[in-house]
Amino acid sequence: MKYDNSPVRGTKDYLPTEMSIRERVREIILKTYKSFGFMQIGTPILEDINKLLGSDGGDNLKLIFKILKRGEKLDLSKPNLKESDIVDIGLRYDQTVPLARMYANNQNELPSPFKAIQIGYSFRADRPQHGRTRQLMQCDIDILGDSSVNAEIDILNTTAKTFYALGFRKFVVKVNDRRILSDLIAVAGFKPEEEKEVCISLDKLDKIGVDGVKAELSEKGYSKSAIEKLMKCVADIQNNPTKALPMLADLGVRAEVVNELKTVLDSVNKLATRGFKAVFDISIVRGQNYYTGLVYEFYLEGMGGACAGGGRYDNMVEKLVGKSVPAVGLGLGFEPTCLAVIEQNLLKAAEKTVAVMYRENDDFVTVLGMVEELNKTCNASAIMMKKNVNYQLELLRNNGFTHFCNFPDKKLKSL
């Protein structure tokens, strides 16, 4: 019987060379985050299903991997079973919900504001595609307890400096505000309870365009006049990028919201390195309904989709602790970022790794003694020679080895 040894669809195996680059990317991200005062925490990949489903995660709620109850709790003999009868846990679809729960459980032991780092896997039952997997590593930074736009400026500046540290020189952050969308949606004539669904459709603006969003909103049964008025505002803003911010007040958007957005854009651009800029973009919506203020996405040159995104989510923690806790964050997509690093050849394996080639009859204790001596300055590994040593050395080079030596000769040769 022939077995298929491919990984589960939407997941991936990583060979040594790629894993070495991934580790370097992770190390640079973590080092840069920490350099701006963020502190690393860890949360479980498993979460209570009710917390996940009650998180206002938008379309992501449809992508949750749900886990069956275990042992005696799983009773499949009951008639008319509902999902709640057999499911009690889910895999996290992002790290924001676990962070809010962790903060609610430990807030008295944490500083305020609290600047958190989370680097770990999330899971989404999504359609796999280039740079998009079902098991995805996210590199998050969040600030809890700061209601000012300083938190957004700090988050965006830290992320920009992180991409710069990874070697990227041309990238942009597109910024919007969910309150702008709320005002435009209300002025257009939609009911308050319709806002979340309208935003879900608007989130597809960059993929299906104005006409596509119109069609989707019509299918949902909303007022034709409200749809036309809203999408005319959106189209006018998109068609006049240099005048977009001044236009917002005339379209019914609150002045304080526009001023906050302008402050963030101006501040981030003053801090920007060459090749990076922050711009207003009405099409940035973010699908999660828990966002309450500014939202943003980072785009790297040569990559189709966003490589990082986030926003302000002031109400999520309040659901868990019973009092208002302002919060803002960003998730850096590790998978598309690594893909861009590899495709653009920005980082190479930094470590010198030496293959100490020995023969079957050599004294292995002495060989390992030589390996330990080399380990004082580099990584080294004892490798028994094969008959076709040239092919063996080629495989070693392809898997991250940079040098070799033939025992007992200590002279290193490049691979």
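Values in this text are rule-based calculations from the coordinates and carry no lab data. From a predicted model like this one, the values you see are computed outputs, not experimental measurements. With ideal geometry, Cβ positions are generated from the backbone for all residues, glycine too; neighbour counts draw on all protein chains shown.
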Is the stretch 331-344 home to any residue that is within 25 Å of residue 144 (Cα to Cα), in contact (Cβ under 8 Å) with a residue 60 or more places away in the chain, touching a helix residue (DSSP H, G or I) at 6+ places or on another chain (Cβ under 9 Å) and of a type in the set (Val, Ile, Thr)?
no
Could you list all residues from the stretch 108-132 that are among the hydroxyl-bearing types (Ser, Thr, Tyr) and buried (at least 20 other Cβ atoms within 10 Å of the Cβ)?
122
The stretch 201-215 residues that are without any contact (Cβ under 8 Å) to a residue 24 or more places away in the chain, paired with ones that are surrounded by 14 or more Cβ atoms within 10 Å (Cβ to Cβ) and part of a loop (DSSP other than H, G, I, E, B) (beta carbon under 7 Å, 6 or more apart):
212/204; 213/204
Restricting attention to the stretch 228-253, report how many residues are under 14 Å from residue 205 (Cβ atoms) and not in a helix (DSSP H, G or I).
0
Single unsatisfied condition, residue 314 versus (1) in contact (Cβ under 8 Å) with a residue 40 or more places away in the chain; (2) of a type in the set (D, E, K, R); (3) in contact with a Leu (Cβ under 8 Å, 6 or more places away or on another chain)
(3)
How many residues does the stretch 32-56 hold that are free of Cβ contacts under 8 Å to residues at least 40 places away in the same chain and basic (Lys, Arg)?
0
Report whether or not residue 227 is out of contact with any His (no Cβ under 8 Å at 6 or more places or on another chain) and either of a type in the set (Asp, Glu) or more than 24 Å from residue 60 (Cα to Cα) (or both).
yes
In the stretch 307-378, which strands (runs of 3 or more DSSP E) lie fully inside it and hold 1 or more residues that are of a type in the set (Phe, Trp, Tyr) and over 23 Å from residue 160 (Cβ atoms)?
353-358
